[in-house]
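Every number in this text was worked out from the coordinates using simple rules, so none of it is lab data. Keep in mind it's a predicted model, so treat the numbers as computed, not measured. Cβ sites come from the backbone with ideal geometry, for glycine too, and all protein chains shown count toward neighbours.
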Amino acid sequence: MRRGAMLDLVLSNKEGLVGNVKIRGSLGCSDHEMMEFKTLKAARRAHSKLTTLNFRRADFGLFRDLLGRVPWDKALEGRGAQESWLIFKDHLLKAQEQCIPTKRNSGKNARKPAWMNKELLDKVRHEKEAYKGGSKHR
């Protein structure tokens, strides 16, 4: 509190995430004071749903065709690197939206990268087991 004025603003990325805000005394010799607050459980329980591109169901033929139809010489003529990149990126994202469907991952699958398939997971698991087994014998 500074001369009777309290800053009562706590920033978070979700509404209702923070509650029970209290002032908890001075911070050393400073005129600033510590604040205590609780993160509310109900707001944290929401499962995050990650949307990823589903490359297994992608139509790469159409993707190649859509990008091949763009008259790149005319589209990029007289443009700088930054502007050319933005034009290319715009065409690429539009083609991606049309040709590569998305899928929702939640729970356990949301924690691993999209490229991490069962075969790679098995190899990683095997390496971890071999490492653990090797460290026991030392």
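Structure above, values below:
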item	result
Extension gain (nm, one decimal) between R104 and M116, 0.36 nm per residue minus Cα-Cα	2.8 nm
Cα-centre dipole for region 49-111 with unit charges at Cβ (Lys and Arg positive, Asp and Glu negative), debye to 20	620
Charge sum, other residues only, whose C-beta stays under 13 Å from P101's C-beta, Lys/Arg counted +1 and Asp/Glu -1	+2
Cα→Cβ-extended label distance, 7 Å offset, between N54 and E83, nm	4.0
Eligible aspartates and glutamates near K22 by straight Cα distance, threshold 17 Å, same-chain separation 8 or greater	D8, D31, E33, E36
Burial ranking of peptide ranges 94-103, 24-33 (average Cβ count within 10 Å, highest at the top)	94-103, 24-33
